[in-house]
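Any read-out appearing in this document is the output of simple, stated calculations on the displayed coordinates, not a laboratory observation. For clarity, every value in this text was computed on a predicted model and none was experimentally measured. We place every Cβ from the backbone using ideal geometry, glycine too, and count neighbours over all the protein chains shown.
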Amino acid sequence: MKRIYFDYAATAPTDPEVLKAMQPYFTEKFGNPSSIHSFGQEAKKGIEDAREILANFIGASPDEIIFTSGGTESDNFALEGVAYALKAKGNHIITSAIEHHAITEVAKFMEKHDFKVTLVGVDKYGMVNPDDIRKAITDKTILISVMHANNEIGTIQPIAEIGKIAKEKGIAFHTDAVQTIGHIPVNVNDLGVDLLSLSAHKFYGPKGVGALYVRKGTRINRFLHGGDQEKGRRASTQNTPGIVGLGKAIEICKLKMSEETALQSKWRDRLIKEIPARIPDVLLNGHPTSRLPNNVNFSIKYVEGESMILHLDMLGVAVSTGSACTSGSLEPSHVLLATGLTHELAHGSVRITLGRYNTDSEIDYFLNNFPQIVENLRKMSPLYEKK
Ligand code: PLP
């Protein structure tokens, strides 16, 4: 059976070139990067080269990059690290209602430990209004965290505008750029951010490795306690093969990004146009234009998201409903609810995220088969009968 992967926002396969670059660091170049002998220095060079590649790519300097175990750790590190470092100054954090759980869950945890959190809402497209951020600021606000683009609905946020507000008020500003790095241009100075999270497996690097950018002068507590790795900011022996893979993945994105963005936006726009033309009663989730080039998200009325996923899976097509991290839970997506959808519409969402290895014929295959799946499921739906 033909297998088609349309779930790149959940994770992407490791690019074969990335794997090739990583392999020597498991075997010949296995040294501990903190060791001063040649084995250690060889591993250290791999890490420092990757740090430089990543820093250049996002407009940072290498010593502003801390390697981590992925997006979740970078998000937790940014929130807890900055909040505890600035606790004497204030205890108020502002974030948005549509953040990934790697932010919302740590924010909830911190609320139990003397911090106050304001969740700023979004409009029907999932867009944060910078004025709402401004209004939420108090004299106790020490940190603002708003994601660059949403993982479920693809809406790209006005980060540069929020950055200006944060700078004017002297408040640290973090963005979760896990879904944007390698997909759209990201420059920490253009965005005006002090901290930025990223994760290699979303841009064809390996899983379990990421980074946190921290602008020079930003106060942040160390996250893992132990050795002096990462200039004492994050203990534990670095994941050398993973970090080398992250660097290689960035190098490839640098070469391919504009071409890939153009192709994926073309497929995205075709799906956004043709799904409603072929299936009645559907609703596009996310912003019509300020949107990731590879994200399509529709609510299909009278049908459950899970049923669509299972039926597409039987045809070999992998898509998702809401975020992969929350599937398995019966709660509808907090992101879709924040945009004002009813529980029924939120449950009926299907997310198609495109990537490097998709083809025109896969888009055709999806468009030719999906309407029939929806029609069959609607025939079984009591809600559809009552329509
Ligand atoms: N932030 C966003 C926006 C994400 O999409 C994800 C993963 O889905 C994460 C954070 C967590 O990243 P990781 O899986 O590397 O921990």
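Taking a ≥ b ≥ c as the square roots of the eigenvalues of the Cα gyration tensor, an a/c ratio of 1.5 or more together with a/b no larger than b/c marks segment 1-91 as oblate.
For the chain, report the convex hull volume of the alpha-carbon atoms normalised per residue, in Å³, without decimals.
On the way: hull volume 53.5 nm³, N = 387.
In the chain, the Cα hull volume divided by residue count equals 138 Å³.
Ignoring aspartates and glutamates fewer than eight residues from LYS44 along the same chain, the ones with Cα atoms less than 16 angstrom from its Cα are GLU28, GLU52, ASP63, ASP228, GLU230.
How high is the relative contact order of the chain, in percent, counting Cα pairs under 8 Å that sit 6 or more residues apart?
Numbers: 769 pairs, mean separation 87.1, N = 387.
Normalised by residue count, the contact order of the chain is 23 percent.
Is it possible to state the helix-based mean residue ellipticity at 222 nm for the chain, with each DSSP H run of 4+ residues giving -39500 (n - 2.57), the sum divided by total residues, to the nearest 500 deg cm²/dmol? What is it? Before the final figure, lay out the partial values.
Details: 13 runs with 160 residues, N = 387.
Taking each H run of at least 4 residues, the total per residue is -13000 deg cm²/dmol.
Out of LEU310, LEU263, LEU119, any idea which swings most in a Gaussian network model of the chain, alpha carbons joined below 10 Å? Highest fluctuation of the listed residues: LEU310. In the chain, taking the dipole from charged Cβ atoms about the Cα centre, the farthest positive-side position among ILE373, LEU54, SER333 is held by LEU54.
Shape analysis of segment 140-239 places it in the oblate category; the axes a ≥ b ≥ c from the Cα gyration tensor give an a/c of at least 1.5, with a/b not above b/c.
Taking square-rooted eigenvalues a ≥ b ≥ c of the alpha carbon gyration tensor, is segment 251-292 rounded, prolate or oblate, where a/c under 1.5 means rounded and, failing that, a/b exceeding b/c means prolate?
It comes out prolate by the Cα gyration axes.
Using C-alpha pairs below 8 Å separated by at least 6 residues, the relative contact order for segment 255-387 is 30 percent.
Have a look at the DSSP beta bridges in the chain and tell me what percent are antiparallel, nearest 5.
Working: 20 of 38 bridges.
Around 55 percent of the beta bridges assigned by DSSP in the chain are antiparallel ones.
When only the Cβ of Lys, Arg, Asp and Glu is charged (+1, +1, -1, -1), the dipole of the chain relative to its Cα centre reaches about 400 debye.
With respect to the chain, whose longest principal axis is taken over its alpha-carbon atoms, helix 360-379 is tilted by about 60°.
For segment 53-148, the alpha-carbon radius of gyration amounts to 1.15 times the rule-of-thumb value 2.2 N^0.38 Å expected for a compact globular protein.
Working note: Karplus 6.51/-1.76/1.60 with θ = phi - 60° gives segment 134-149 the couplings 4, 5, 7, 5, 10, 6, 9, 6, 10, 8, 10, 9, 9, 5, 6, 9 Hz, where Gly and Pro are set to x. Rounded to whole numbers, the Karplus 3J(HN,Hα) couplings from phi for segment 69-85 are 8, x, x, 4, 5, 4, 5, 4, 4, 4, 5, 5, x, 6, 4, 6, 5 Hz, using 6.51 cos²θ - 1.76 cosθ + 1.60 with θ = phi - 60°, and x at Gly and Pro.
So how much slack lies between THR289 and MET314, counting 0.36 nm per residue of separation and subtracting their Cα-Cα distance, in nm? Before the final figure, lay out each step's value.
Details: separation 25, 0.36 × 25 = 9.00 nm, distance 3.21 nm.
Length difference between fully extended and current span is 5.8 nm.
Which links in LYS124/LYS301; LYS164/LYS256; LYS216/LYS254; LYS89/LYS116; LYS202/LYS301; LYS108/LYS140 stretch past 20 Å when you go from one Cα to the other?
On the way: LYS124/LYS301 17 Å; LYS164/LYS256 31 Å; LYS216/LYS254 24 Å; LYS89/LYS116 13 Å; LYS202/LYS301 30 Å; LYS108/LYS140 18 Å.
In this structure, LYS164/LYS256; LYS216/LYS254; LYS202/LYS301 lie more than 20 Å apart at Cα.
Partners of LYS379 within straight-line reach, counting aspartates and glutamates whose Cα lies under 18 Å from its Cα and excluding those fewer than 8 residues away in the same chain: ASP281, GLU304, GLU306, GLU344. If a spin label sat at a point 7 angstrom from the Cα of ASN376 along the line to its beta carbon, no backbone N atom of segment 269-284 would be nearer than 14 Å. For the pair segment 332-372 and segment 16-53, the centres of their Cα atoms are 39 angstrom apart.
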